[in-house]
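The values are calculated or read from the model by the stated rules, or taken from the named source; none is laboratory data. Quantities reported herein were computed from a predicted structural model and do not represent experimental measurements. Don't worry about glycine lacking a Cβ; one is built from the backbone with ideal geometry, like all the others, and counts go over all protein chains shown. Just the protein is used for accessible areas: all its heavy atoms, side chains included, with ligands, DNA and RNA removed. Shrake-Rupley method; radii C 1.70, N 1.55, O 1.52, S 1.80 Å.
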Amino acid sequence: MTQAPEAWHAALNRLQLSGTPHVLATQVTSAGSTPREPGARMVITADTIFDTLGGGTFEWQTISAARDFLQQGSAGFHLETFSLGGRSGQCCGGFVNVLLEVFPGVSSHIALFGAGHVGCEIVKLSAPLPWHLNWYDSRTDIFDEQDDQQPRLSCHTLTSPQESVLALPPHCHVLVLTHNHDEDYALIAALLRRADIASIGLIGSDSKWTSFQSRLKRDGYKPEEIQRVRCPIGAVHGTKLSNKTPYAIAMTVVTELLWLTDKPTAHQTRGLEPDALRSLFHDTATNPS
């Protein structure tokens, strides 16, 4: 077990921003003689602790309970009670209640290529969701300081589509919506070479996608490979919105991603063709179980 010198509040801020699984343990009440006072806090990850609730067997049991909840993915609040002469085996003789706030970390990795109007709206709408976003754009001055402050968001300058795609984590969901069609094509071509990408979405019109399909066929991609791409993104059951504002498009795209990343259905949707995916979204939305 590693005790880090970082204070609990600094660690909490950093772990929240990165989306690393962690637990905030707070001593909420106490009676009799106890190592620390109510309000004492520590942060616990799978391999590190930050700050202390006083040490001893009681703290070890708190850490063990926190890591059990992390392993189970039991997000939310859990209240643990310790008798410092009984359960903990300590001789203080007091009683302590500890609130464990469990943050399981990110549930999905999303890669977003393009920081135009739609891309910016997608990032804003995704902020409350348990996703980690890797956001790419080839324009060096496109990101601002506010982007760096959003939790679970990493901004990157796109220099090589091939290298950026190779660096993506397995089972990542990818959206391609850059300002340049040639850049879009290079990204799609590179993504299709990775069988472990969970889903691929491309913004564009029917004519753009027709052109891309022709190019991909000429470049040797098989029909079943090309069918992994959803284009246009955000269409439900093959129907596109008449509202083409960036916010409206982003709303449909994030909704589509919610279905794709939903834990109970993610294993069912991986590998389905785009039309089958849209059919699943439509059937689930109109006939919820």
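Structure data summary
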{"item": "Net length gained if the chain between residue 219 and residue 239 were fully extended (0.36 nm per residue, minus Cα distance)", "result": "4.3 nm"}
{"item": "Prolate/oblate/rounded call for the chain, Cα gyration tensor, a/c under 1.5 rounded", "result": "prolate"}
{"item": "Placed amide H near residue 105: partners under 5 Å, 5+ positions off or other chain", "result": "22"}
{"item": "For the chain, size of Cβ-based charge dipole, Lys and Arg +1, Asp and Glu -1, in debye", "result": "560"}
{"item": "Per residue solvent-accessible surface (Å²) - the stretch 119-257, probe of 1.4 Å", "result": "49"}
{"item": "Karplus-derived HN-Hα couplings along the stretch 26-31 (A = 6.51, B = -1.76, C = 1.60, θ = phi - 60°), whole Hz, x at Gly and Pro", "result": "10, 6, 9, 9, 7, 9"}
{"item": "Percent RCO, i.e. relative contact order, over the chain, from Cα pairs under 8 Å lying at least 6 residues apart", "result": "14"}
{"item": "MRE, 222 nm, helices only [DSSP H, n ≥ 4, -39500 (n - 2.57), over the chain, to nearest 500]", "result": "-11500 deg cm²/dmol"}
{"item": "DSSP-assigned coil residues among trypsin sites (Lys or Arg not before Pro) in the stretch 22-121, each with at most 16 further Cβ atoms within 10 Å", "result": "87"}
{"item": "Order by protection proxy (mean Cβ within 10 Å, highest first), peptides 17-24, 144-151", "result": "17-24, 144-151"}
{"item": "In Å², nearest 10: area of residue 217 left accessible to a 1.4 Å probe", "result": "130"}
{"item": "The stretch 116-259 - percent relative contact order, Cα under 8 Å, separation 6 or more", "result": "24"}
{"item": "Global geometry of the stretch 191-264, whether rounded, prolate or oblate, following the gyration tensor of its Cα atoms and the 1.5 cut on a/c", "result": "oblate"}
{"item": "Environment charge of residue 78, counting only residues whose C-beta is closer than 11 Å and scoring Lys/Arg +1, Asp/Glu -1", "result": "-3"}
{"item": "Extension reserve of the residue 167-residue 29 stretch, reckoned as 0.36 nm per residue once the Cα distance is removed", "result": "45.0 nm"}
{"item": "Theoretical gain in end-to-end length, residue 205 to residue 159 [0.36 nm per residue, Cα-Cα removed]", "result": "14.0 nm"}
{"item": "5 angstrom amide H check on residue 230, placed H, neighbours 5+ away", "result": "200, 201, 202"}
{"item": "Net charge contributed by nearby residues that have their C-beta within less than 14 Å of residue 168 (K/R +1, D/E -1)", "result": "0"}
{"item": "Check: the stretch 1-111 dipole with +1 on Lys, Arg Cβ and -1 on Asp, Glu Cβ, in debye", "result": "40"}
{"item": "Highest average packing first - 56-62, 123-129, Cβ atoms within 10 Å", "result": "56-62, 123-129"}
